[in-house]
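The structure appears right after this line, and notes come after that.
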Amino acid sequence: MEFQGQSIRMTMEDGLARVTLCQADRGNPIDATLGAELLELSGILMTAPGVRAVLLTAEGRFFSVGGDLNSFKDRIDELPRLVLDWTSDFHTALSRLRRMDAPIVCAVEGGVAGGAVSMMAFADVIHAADSVRFTAAFPAIGFCADSGTTVSLSERMGIARARRFILCNETISAGEAQAAGLVDHLHPLPEVRAAAEATARRLAQGPTRAYGMIKRCFSGALGRSLDEQLELEAVSLSQAAGFADAREGITAFVQKRKADFTGS
């Protein structure tokens, strides 16, 4: 299974979908083309039964510079409508990817700004180069945040730290990002891709449907009451207990061997 667009491409092997932002010459910007292509790709990834993990990477010196401001300069009077059009596809794609069972691993080897910080932050595991810097960007152009920033950054950094990052238009180092919870693992630049690949491959061999249950239970957990959360966990666990992977996991534990999960 493959996908080839102008801004993004995807190949899949052994359950691992490798998604690459591929407009390095433009800094991999978020624009109408990326939004439309990511929406199409998210539908493919969400419905293909063989997808068990996703590895998100980018070509070039930037992971993504964020929104393509150059495309706005000649259409300033149309800006409100353009923003609604662009965010419609991009936001729907992010929402679909977030709801997938398959975990998403992100390898960040270059700078990240604006909405791309949120796109990265929605990943379940993030490996980044220790030289990368992360920039809020929105207030610098008189914008508020989009791309799910208020959700993804709040979940990773805590709402107070995320709000300060955006309001003060901060640029933070990789070390600061890790300390705040924005990224999970730091590496020297040459080691980032291999480390992320190893994580993605390991997750691609895991209990995919159970991973989906775990992700959905955590999503919005702090907005639910304890009773609601406990009931969600109980119902989710009951459903997961009926999966083939649960039977395999218990059998493998009793037999003292490594479980051979199929993602079903």
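Taken together, the values in this text are just the output of simple stated rules run on the coordinates, not laboratory data. Nothing here was measured: the structure is a model prediction, and the numbers come from that model. Cβ placement follows ideal geometry from the backbone for every residue including glycine, while neighbour counts extend to all protein chains displayed.
Conditions (1) of a type in the set (Gly, Ala, Ser); (2) in contact with an Asp or Glu (Cβ under 8 Å, 6 or more places away or on another chain), marked per residue:
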site: THR150; (1), (2): no, no
site: LEU186; (1), (2): no, yes
site: ALA200; (1), (2): yes, no
site: CYS217; (1), (2): no, yes
site: ALA221; (1), (2): yes, no
site: ARG224; (1), (2): no, no
site: ALA241; (1), (2): yes, no
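Does GLY67 fit the bill of being farther than 19 Å from VAL19 by Cβ and either crowded, with 21+ Cβ neighbours inside 10 Å or under 16 Å from the mean Cα position of the chain (by Cα) (or both)?
Here the answer is yes, as GLY67 does meet what is asked.
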Review point. So, of the residues in region 40-64 that are touching a strand residue (DSSP E or B) at 6+ places or on another chain (Cβ under 9 Å) and hydroxyl-bearing (Ser, Thr, Tyr), which turns out to be surrounded by the most Cβ atoms within 10 Å (Cβ to Cβ)?
Key: SER64
Study note, to complete from the structure: Here the residues within region 202-214 that are assigned to a helix (DSSP H, G or I) and over 14 Å from ASP124 (Cβ atoms) are ARG209
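Those residues that are of a type in the set (A, V, I, L, M) and assigned to a helix (DSSP H, G or I), I need them from region 21-41; list them, please.
In the first step, residues of region 21-41 are kept if they are of a type in the set (A, V, I, L, M); the result is 21, 24, 30, 32, 34, 36, 38-39, 41.
Of everything in region 21-41, those that are of a type in the set (A, V, I, L, M) and assigned to a helix (DSSP H, G or I) turn out to be ALA24, ALA32, LEU34, ALA36, LEU38, LEU39, LEU41.
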Exercise for review: State the number of residues belonging to region 9-60 that are under 30 Å from ASP245 (Cβ atoms) and of a type outside the set (Lys, Arg).
Suggested key: 29
Check your understanding: Within the bounds of region 27-39, is there any residue that is surrounded by fewer than 14 Cβ atoms within 10 Å (Cβ to Cβ), in contact (Cβ under 8 Å) with a residue 12 or more places away in the chain and of a type outside the set (A, V, I, L, M)?
Key -> no
